[in-house]
Amino acid sequence: MSIAINKIKKFENENCDENKVFYQAMEEVIYSIAPLLESDERYAKYSILERLVVPDRIIKFKVTWLNDKNEIQVNIGYRIQFNNALGPYKGGLRFHPTVNEGVLKFLGFEQIFKNALTGLPIGGAKGGSDFDPKGKSDFEVMKFCSSFMTELHKYIGPRIDIPAGDIGVGSREIGYLFGAYKKITSSYEGVLTGKPYIFGGSFMRPQATGFGVVYFTQTMLEMEGKEPLDGKICTVSGAGNVAIHAIEKLQEIGAIVVSCTDSKGTIYDPRGVDLCLLKEMKLKNKTSLKEYIKTHSDAKYIPLKEYPDGGHAVWDIPCYAAFPCATQNELTDIDAQNLIVNGCVSVSEGANMPSTTKAINDFLSHKICFAPAKAANAGGVVVSEFEMSQNAAMTKWSFEKVDEKLKLIMQQIAKRVALTAKDYGVEGNYVDGANIAGFKRVADAMIAEGI
Ligand code: NDP
Ligand code: 2IT
């Protein structure tokens, strides 16, 4: 442990406000891999940790675009290419006003280990902009994407770096980004994943992360000797791509999902969330969740600000399994305590790092089955890699084939994580299992590739 603590101290100056989430992600990995660093001196000899925590490059650029009133707007764009030891840089783009270098460093760092856990040949990256697609017209989003790509295209390529979606970036944005790339480079190639199906997208990419987190949870519960999800009450946060498809798969297997959230509040529907309505509201019309109760009088809408104790209403709902699928640090230690007291058995992270460090420690010390993001939400990037394969071979796989392969990989990740935890004396701790297994794969490739 002493080696790991020294490493943390060395990076303490990274802990300025903007870097807090990056530091949080880094600290978790360093603590988890301490036994590995102490048992195998190669990692110190080759300075693997020092090399891993610094991105290969941070690309930062200005994005100027015209709004519908013909006024010039300025945003900042980023691509952080973190590590390509295992394959070309791969990871999403986030368009959200909270995006800054620290947030993207945390997401890019996590992506390295997530991608390693898939067993597929993909490195880690993340990018995005502080641009807020909310309230923008379709033409404004199109103009922004086109300007963003004017700069980004210089740094990406199907064998170099392949961006995809994340918060605020779905198939519409990927479509506009692809169109701009094609126009600038005169080249039709699989440089982005998450494309609409009609021109190079894969079946099931929209569903992949949400379905994957459920497949992972099913395997984890079975391995841990817990009852399966059918007939059980589940809570989900978020109402975006990941949340909606997690709800869809949970309902399909017979679970009763009683919640969803957006940035303004929570819906609690004890009869089970009306998925058709949710899709209509969020995927088509982008309306507030508040509208849900207009047609569902049994459901309750709890505005975010009205929840008094610093916790989040969604984690105070009694459930068998919880699925945080909105954003980072949305589940605090207060929420963890509420879940534990209410008898929750399993927590699976669909979002990236939705649980705070304290919350994770509470779950682990109470023997809650806890599926960490970098393992549980890998389904999205897995199907992204399938999309790359299909594009490279100029072919299309069926929905069933993609689903079957996704399920298999999610089961394999869960088993690899559980086995690694056991091998390192921390049986049942999927956080340490995921960090050690992911780190080992990247680190061994880095050693083999030299400096
Ligand atoms: P979407 O943009 O589709 O949806 C995001 C959802 O989270 C919305 O309901 C949004 O509410 C809510 N949300 C966003 N920011 C906040 C915030 N600061 N506080 C409260 N709620 C918030 O994104 P995705 O569903 O794609 O992504 C959700 C999470 O899953 C993210 O952590 C992402 O990194 C992660 N992820 C996504 C993958 C993918 O394939 N898309 C793959 C793996 C992980 P509102 O609409 O009100 O803003
Ligand atoms: O966090 C993630 O894994 C993603 N946003 C998806 C990345 C990808 O390349 O599909």
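Summary table below
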item: Label zone at ARG159, where the point sits 7 Å out along the Cα-to-Cβ direction: the range 79-94 residues whose backbone N lies under 15 Å; result: 87-89
item: Length-normalised contact order of the range 246-397 in % [C-alpha pairs under 8 Å, at least 6 apart]; result: 15 percent
item: Gyration tensor verdict on the range 102-217 (Cα atoms; rounded if a/c is under 1.5, prolate if a/b is larger than b/c, oblate otherwise); result: rounded
item: Rounded to the nearest 20 debye, dipole of the range 248-287 from Cβ charges on Lys, Arg, Asp, Glu; result: 180 debye
item: Linear extension gain, THR98 paired with CYS276, 0.36 nm per residue minus alpha-carbon span; result: 61.1 nm
item: Rounded accessible area of VAL341 (nearest 10 Å², 1.4 Å probe); result: 120 Å²
item: Inter-part distance where the range 28-64 and the range 116-187 are each reduced to a Cα centre, Å; result: 26 Å
item: Note, ³J(HN,Hα) from phi for the range 262-271, Karplus 6.51, -1.76, 1.60, rounded to Hz, x at Gly and Pro; result: 10, 5, 9, x, 10, 9, 10, 10, x, 7
item: Longest segment of the chain lacking trypsin sites (Lys or Arg not before Pro) that sit in a DSSP loop with at most 13 other Cβ atoms within 10 Å; result: 160-263
item: Rel. contact order, % - alpha carbon contacts under 8 angstrom, at least six apart, the range 79-152; result: 41 percent
item: Computed E for ILE253/THR295 - FRET, C-beta separation, R0 22 angstrom, nearest 0.05; result: 0.30
item: Distance between the range 372-451 and the range 197-266 - C-alpha centres, whole angstrom; result: 18 Å
item: Shape call, the range 190-346: gyration tensor on alpha carbons, a/c limit 1.5; result: oblate
item: Inverse of mean 1/r across different Cα pairs in the chain, Kirkwood, Å; result: 22.1 Å
item: Extension gain (nm, one decimal) between PHE139 and SER47, 0.36 nm per residue minus Cα-Cα; result: 28.3 nm
item: Using a Förster distance of 30 Å, the FRET efficiency for LEU408-GLU227 (Cβ separation, nearest 0.05); result: 0.80
item: Where labels lie 7 Å past Cα in the beta-carbon direction, separation of ASN67 and ARG172 in nm; result: 1.7 nm
item: Under 13 Å, Cβ to Cβ, from ALA164 - net charge with Lys/Arg +1 and Asp/Glu -1; result: +2
item: Apportionment of accessible area to carbon and sulfur, the chain, percent (1.4 Å); result: 53 percent
item: Long-range Cα-Cα pairs in the range 320-451 (distance over 18 Å), rounded percent; result: 61 percent
item: Extension reserve of the THR357-LYS284 stretch, reckoned as 0.36 nm per residue once the Cα distance is removed; result: 22.8 nm
item: Cα-centred dipole magnitude for the chain, charges only on beta-carbon of K, R (+1) and D, E (-1), debye, nearest 20; result: 1160 debye
item: Magnitude of the charge dipole, the range 89-147, Cβ model with Lys/Arg +1 and Asp/Glu -1, debye to 20; result: 160 debye
item: Exposure of ILE256 as accessible area (Å², to 10), given a probe of 1.4 Å and all protein chains; result: 60 Å²
item: Amide H contacts under 5 Å for VAL169, placed H, 5+ residues apart; result: PHE95
item: Solvent-accessible ranking of LEU86, LEU406, largest area first, probe 1.4 Å; result: LEU86, LEU406
item: For the range 28-37, 3J(HN,Hα) per residue [Karplus equation, 6.51 cos²θ - 1.76 cosθ + 1.60, θ = phi - 60°, Hz, x = Gly/Pro]; result: 4, 5, 4, 4, 4, 8, 3, x, 5, 4
item: 5 angstrom amide H check on ASN83, placed H, neighbours 5+ away; result: ASP56, GLY124
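The values are calculated or read from the model by the stated rules, or taken from the named source; none is laboratory data. No experiment lies behind these values; they were computed from the predicted model shown. Cβ coordinates were reconstructed from backbone atoms using ideal geometry, including for glycine residues, and neighbour counts include every protein chain displayed. Remember, those area values only see protein heavy atoms, side chains included, never the ligands or the DNA or RNA. Shrake-Rupley method; radii C 1.70, N 1.55, O 1.52, S 1.80 Å.
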